Amino acid sequence: MTDDHPGLVAEVFTEPTGNTVALAGDLDLATVDVLIGRAGSALDQGKPGTLTLDFAGVRFCDSVGIGALVQLRQRCDHAGWQLRVVNMQPSVRRTLVDLCGLGSYLNVVETPTMG
Amino acid sequence: MHAVDERLDRILAVTDATLSGLDTEDLLAELLERVRGLLAVDTATILLLEPDSQHLAAVAAVGLEEEVRQGFRIELGVGFAGRVARDRTPVVIDVDETTVVNPILLDKGISTLLGVPMVTAGELVGVLHVGSYEPRTFDPADVTLLQMVADRAALASQASRYRTERTATLALQHSLLPTQLPHAEGLEMAARYVPGHRFAVGGDWYDVFHLPSGHLGVVVGDVSGHGLRAAVVMGRLRSALRAYALESEDPADVLTRLDRKIRHFEAGNLATILYAMIAPRRDRMTVTLAGHPPPVLAVAEEPARLLSVPVDLPVGIDAAQKRRNTHVELGDDATVVVYTDGLIERRGQIIDAGLQRLCDAVRPGPAETLCSSIMARMQIEQAEDDVAFLCLRRTAR
């Protein structure tokens, strides 16, 4: 599995209460392995806590990306982690939350979190 | 000087433009034949990776034709070819029971094997190996030449695999979509399916069926993912939904059952679905949405609009959520359009732009004409994904 793709950059930050994966780019068939790989490794690091996906840089998410997010939520459940998604851009929020009804399942946080 | 000429000849022999005219099977056979001569070896074999099973299967061979005829397969990481594939690096071995697991290699009396990985765009495609009955060594130039051949073979094999998969997916898609919509009194219908670009084909469907009560079932759905696998899952969901529709006349209940079926038998798959039942008198529709965009409704003298229908989770998600039905009145002149997201989603645009464009395109009128005008106005050529949609219009009974 390749963890790097020009279409999506993912960075993992370790925090006392869990890990954050900051994503930038498009989440689709070509880049979905980047999310799966990085978030998967974030789940293997440290004690179970909150896995935060920072979507500030995500401009596009298609049905393959949605499938990966659902898969990630299921992996979090199995591993005892809490998933949440923050800083979602309005266009991505419109698709994932309003049209697909995934807001509460993916724990999409309404406002940007500070500190 | 002589050595350089010879090396150049060898390179030309495997990069020869006339090879491009051959179909993949002939190309692989010809490359193996040439490489056997160039490297003065006795056998040459290509094994391709089967991505689903993670096994390598022999597909072309000279000197070791038994491998192909007997359908030799080996797990990634096991044996000689498995090791070349796993490590993605050239490997030379002296053949004995400790280095190979394939009995054919031992029985044939091969002494030395050189194998190189076939990789294209970072993806492992297979393994190419050559063997010699007499013990021998391979110098770096031999390895480089074999790697060139492997690269060429990898490219051709991968392209052929994509072509085959796309053809098979399209054939399956078309066999599963209605060739003709059923005749339904009081309704006129038309539909379109446009496959996505390149690999993004498969997984979308629409369906229309009569129910014993006189209701008409209307479905449009989208299995997450692409290719043959998505099309196969789509076929199963389509059949299962029809079966549950016979058992229950409550759309939310039908999708609840379907959800349970997917989670049990098709775990790991995800689909968005719109399922609607249109009343026998055609004046009412009950609709439920599983992660799917809402229908567009048009009546004469008014701009078309999105129906306000609450959306529940896609099917295939491990969550106990109560699904909801929404009842919609259909006036005498109502036109309804249901669709998959490929119709409205364009990279770099907020989805509302696509929804608005669709509403602007929907006008009362014959369903077939409406389909054509939606096709013309929705920039279908820019759609990367599958596009499926269905137009229904009430008519005098």
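Please give the number of the condition B:Thr288 fails out of (1) away from every other protein chain (no Cβ under 14 Å); (2) touching a Phe, Trp or Tyr at 6+ places or on another chain (Cβ under 6 Å).
Against the list (1) away from every other protein chain (no Cβ under 14 Å); (2) touching a Phe, Trp or Tyr at 6+ places or on another chain (Cβ under 6 Å), B:Thr288 comes up short only on (1).
Can A:Asp54 be described as charged (D, E, K, R) and more than 10 Å from chain B (Cβ to nearest Cβ)? Before you say what the answer is, go through the steps one by one.
Numbers: charged (D, E, K, R): yes; more than 10 Å from chain B (Cβ to nearest Cβ): yes.
When the stated conditions are applied, A:Asp54 passes them.
Do the conditions hold for B:Val328, that is, is it assigned by TED's automatic domain parsing to the domain that holds B:Gly186, modelled with pLDDT of 95 or more and out of contact with any Lys or Arg (no Cβ under 8 Å at 6 or more places or on another chain)? It would help to see each step written out before you state the result.
Values: assigned by TED's automatic domain parsing to the domain that holds B:Gly186: yes; modelled with pLDDT of 95 or more: yes; out of contact with any Lys or Arg (no Cβ under 8 Å at 6 or more places or on another chain): no.
No: the conditions fail for B:Val328.
Checking B:Val232 against (1) assigned by TED's automatic domain parsing to the domain that holds B:Ala334; (2) at pLDDT below 90; (3) farther than 21 Å from B:Met378 by Cβ: exactly one of these is not met. Which one?
B:Val232 satisfies all of (1) assigned by TED's automatic domain parsing to the domain that holds B:Ala334; (2) at pLDDT below 90; (3) farther than 21 Å from B:Met378 by Cβ except (2).
Is it true that some residue in the range B:300-319 is facing chain A (nearest Cβ under 10 Å), assigned to a loop (DSSP other than H, G, I, E, B) and within 22 Å of B:Val387 (Cβ to Cβ)?
The answer is yes, given that some residue of the range B:300-319 is facing chain A (nearest Cβ under 10 Å), assigned to a loop (DSSP other than H, G, I, E, B) and within 22 Å of B:Val387 (Cβ to Cβ).
Of these, B:Asp333, B:Asp341, which one is touching a His at 6+ places or on another chain (Cβ under 9 Å) and of a type in the set (D, E, K, R)?
Values: B:Asp333 fails: touching a His at 6+ places or on another chain (Cβ under 9 Å).
The conditions single out B:Asp341.
Which of the following residues is within 28 Å of B:Leu12 (Cβ to Cβ), in contact with a strand residue (DSSP E or B) (Cβ under 7 Å, 6 or more places away or on another chain) and either among the aromatic types (Phe, Trp, Tyr) or at pLDDT 90 or above (or both): B:Leu38, B:Leu28, B:Leu49? Steps first, answer last, please.
Details: B:Leu38 fails: in contact with a strand residue (DSSP E or B) (Cβ under 7 Å, 6 or more places away or on another chain); B:Leu49 fails: within 28 Å of B:Leu12 (Cβ to Cβ).
Only one candidate qualifies: B:Leu28.
Find all pairs meeting these conditions: Cβ atoms under 6 angstrom apart; at least six residues apart or on different chains; first residue within the range B:222-239 and more than 9 Å from chain A (Cβ to nearest Cβ); second residue assigned to a helix (DSSP H, G or I) and not hydrophobic (A, V, I, L, M, F, W, C).
Final answer for the pair search is B:Gly227/B:Glu165; B:Gly227/B:Thr169; B:Leu228/B:Glu165; B:Leu228/B:Thr169; B:Ala231/B:Thr169; B:Ala231/B:Gln173.
Could you check how many residues of the range B:337-357 are crowded, with 17+ Cβ neighbours inside 10 Å and among the basic types (Lys, Arg)?
Of the residues in that region, 2 qualify.
I need every pair where a residue in the range B:16-38 that is in the same structural domain as B:Ala61 (by TED's automatic domain parsing) has its Cβ under 8 Å from the Cβ of a residue that is buried (at least 16 other Cβ atoms within 10 Å of the Cβ) and part of a loop (DSSP other than H, G, I, E, B), sequence separation at least 6 or different chains.
Hits for this filter: B:Val35/B:Val41; B:Arg36/B:Asp42; B:Arg36/B:Gly63.
Just name the residue that is farthest from the other protein chains (Cβ to nearest Cβ) out of those in the range A:79-94 that are hydrophobic (A, V, I, L, M, F, W, C) and assigned to a loop (DSSP other than H, G, I, E, B).
Of the range A:79-94, the ones hydrophobic (A, V, I, L, M, F, W, C) are A:79, A:81, A:83, A:85-86, A:88, A:92.
Filter once more, keeping what is assigned to a loop (DSSP other than H, G, I, E, B): A:81, A:88.
Numbers: A:Trp81: 15, A:Met88: 13 Å.
The residue in question is A:Trp81.
Which residues, counting only those in the range B:289-309, are over 28 Å from B:Val232 (Cα atoms) and either surrounded by 23 or more Cβ atoms within 10 Å (Cβ to Cβ) or in contact with a strand residue (DSSP E or B) (Cβ under 7 Å, 6 or more places away or on another chain) (or both)? Break it down into steps so the answer makes sense when it comes.
Let us first name the residues in the range B:289-309 that are over 28 Å from B:Val232 (Cα atoms), namely B:296-309.
Those that are over 28 Å from B:Val232 (Cα atoms) and either surrounded by 23 or more Cβ atoms within 10 Å (Cβ to Cβ) or in contact with a strand residue (DSSP E or B) (Cβ under 7 Å, 6 or more places away or on another chain) (or both): B:Val296, B:Leu297, B:Ala298, B:Ala304, B:Arg305, B:Leu306, B:Leu307, B:Val309.
Would you pick out the residues in the range B:345-397 that are within 14 Å of another protein chain (Cβ to nearest Cβ), within 11 Å of B:Val296 (Cβ to Cβ) and touching a residue at least 24 places away in the same chain (Cβ under 8 Å)?
Filtering the range B:345-397 for residues within 14 Å of another protein chain (Cβ to nearest Cβ) gives B:345-356, B:358, B:382-388.
Right, trim to within 11 Å of B:Val296 (Cβ to Cβ) and you get B:355-356, B:358.
Within the range B:345-397, B:Leu355, B:Leu358 meet the criteria.
Being surrounded by 15 or more Cβ atoms within 10 Å (Cβ to Cβ), in contact with an Asp or Glu (Cβ under 7 Å, 6 or more places away or on another chain), in a strand (DSSP E or B) and on the phi < 0 side of the Ramachandran plot narrows it down to one of B:Thr286, B:Thr272, so name that one. Walk me through it before giving the result.
Values: B:Thr286 fails: in contact with an Asp or Glu (Cβ under 7 Å, 6 or more places away or on another chain).
After ruling out the rest, the residue left standing is B:Thr272.
Contact list please: Cβ distance under 6 Å, first residue in the range A:91-109 and of a type in the set (D, E, K, R), second residue outside any loop (DSSP other than H, G, I, E, B), pairs at least six apart or on different chains.
Sorted first by the residue in the range A:91-109, then by its partner, the pairs are A:Arg94/B:Ile351.
Can you run down the residue pairs with Cβ atoms below 9 Å, 6 or more apart or on separate chains, where the first is in the range B:96-110 and outside the structural domain of B:Ala61 (by TED's automatic domain parsing) and farther than 12 Å from B:His129 by Cβ and the partner is modelled with pLDDT under 85 and not β-branched (Val, Ile, Thr)?
Here the result reads none, with nothing in the range B:96-110 linked to a residue that is modelled with pLDDT under 85 and not β-branched (Val, Ile, Thr).
Select from the range B:217-244 the residues that are within 12 Å of B:Thr340 (Cα to Cα) and part of a strand (DSSP E or B) and list them in ascending order. Don't jump to the end; show me each part of the working.
If we filter the range B:217-244 for residues that are within 12 Å of B:Thr340 (Cα to Cα), which is where we start, we get B:219-224.
Scanning the range B:217-244 gives B:Val219, B:Val220, B:Gly221, B:Asp222, B:Val223.
The values are calculated or read from the model by the stated rules, or taken from the named source; none is laboratory data. Computed from a predicted structure; not experimentally measured. Glycine gets a Cβ as well: all are built from the backbone with ideal geometry, and neighbour counts include every protein chain shown.
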